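Only one structure is covered here, and it is reproduced in the block below.
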Amino acid sequence: MGTLQLEVVTPDKTVISAEAEMVVCPGVEGEFGVLSQHVSLLSALKTGPLRCRISDRDEYLFISGGFADVNSNVMTVLAESAERAADIDTARAQAARDRAEKRLAAHDDAVDAARAESALTRAVNRLRIAGLR
Ligand code: ATP
């Protein structure tokens with residue numbers, strides 16, 4: 001099977017730079033898969049898992065927002081934050097989940113509910129993806 005060059009980058013670092021056989025991404029309009037020689041594509045991403053197959057092994061990453069660009073057999077994922085499943089700190093994600101749940105349960109006008117919901121979505125996804133490692 002052919003491969004495509006996958007680059008997953010955040011404002012801080014390159015998280016993956018590898019030849020992948022397949023990539024499945026959390027697009028804002030649903031999951032989509034990319035194989036070698038895919039047509040050009042630009043898609044906004046939502047928070048969720050990115051799955052890639054590298055050397056016949058599936059690897060999972062956490063991605064929060066950003067864009068995926070596919071062009072000339074290179075896929076660039078530019079994410080706000082991204083971590084390989086093995087690098088997710090589950091204690092930190094549990095603490096973030098508990099904090100967000102408390103804020104949402106307080107029904108306090110001073111709480112930015114949308115921000116707390118986003119933090120909760122990130123934490124729950126990190127915990128789920130860490131469980132897939
Ligand atoms: P927290 O409240 O714990 O900071 P957050 O969802 O607000 O969580 P982000 O803004 O998504 O954090 O990420 C900030 C930075 O911290 C990024 O570099 C991200 O990769 C890293 N990060 C956040 N949570 C974790 C985690 N549980 N494990 C590993 N890295 C994390």
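The values are calculated or read from the model by the stated rules, or taken from the named source; none is laboratory data. Since this is a predicted model, take the numbers as computed values, not measurements. All Cβ positions, glycine included, derive from the backbone under ideal geometry; neighbour counts span all protein chains shown.
Just a few scattered comments:
- Counting only strands (runs of 3 or more DSSP E) that fall entirely inside the range 1-45 and contain at least 3 residues that are touching a helix residue (DSSP H, G or I) at 6+ places or on another chain (Cβ under 7 Å), buried (at least 16 other Cβ atoms within 10 Å of the Cβ) and among the polar types (S, T, N, Q), no element qualifies.
- Considering Gly30, Gly66, the condition of being under 15 Å from the mean Cα position of the chain (by Cα), closer than 20 Å to Ile129 by Cβ and within 16 Å of the ligand (Cβ to nearest atom) is satisfied by Gly66 alone.
- Against the test of being surrounded by 12 or more Cβ atoms within 10 Å (Cβ to Cβ) and either in contact with a Phe, Trp or Tyr (Cβ under 7 Å, 6 or more places away or on another chain) or farther than 15 Å from Val9 by Cα (or both), the options Ala91, Ala68, Ala130 yield a single qualifying residue, Ala130.
- Tally, over the range 65-86, of residues that are part of a strand (DSSP E or B), touching a residue at least 60 places away in the same chain (Cβ under 8 Å) and not acidic (Asp, Glu): 9
- Note on the range 104-115: residues that are at pLDDT 90 or above and loosely packed, with under 10 Cβ neighbours inside 10 Å total 1.
- Figure legend. Inter-residue proximity from the range 96-117: first residues of a type outside the set (A, V, I, L, M), second residues assigned to a helix (DSSP H, G or I), beta-carbon distance below 6 Å, spacing 6+ or different chains. Indicated pairs: Arg97/Ala123; Arg103/Ala116.
- Yes/no for Glu101 being over 19 Å from the mean Cα position of the chain (by Cα), at pLDDT 95 or above and either surrounded by 13 or more Cβ atoms within 10 Å (Cβ to Cβ) or over 18 Å from Val8 (Cα atoms) (or both): yes
- When Val24, Val70 are screened for being in contact with a Leu (Cβ under 9 Å, 6 or more places away or on another chain), within 22 Å of Arg126 (Cβ to Cβ) and not assigned by TED's automatic domain parsing to the domain that holds Arg122, only Val24 passes.
- Residue check, Asp108 more than 13 Å from the ligand (Cβ to nearest atom), of a type in the set (D, E, K, R) and within 26 Å of Met1 (Cβ to Cβ): no
- In the set (1) more than 11 Å from the ligand (Cβ to nearest atom); (2) assigned to a helix (DSSP H, G or I); (3) modelled with pLDDT of 95 or more, the condition left unmet by Leu50 is number (2).
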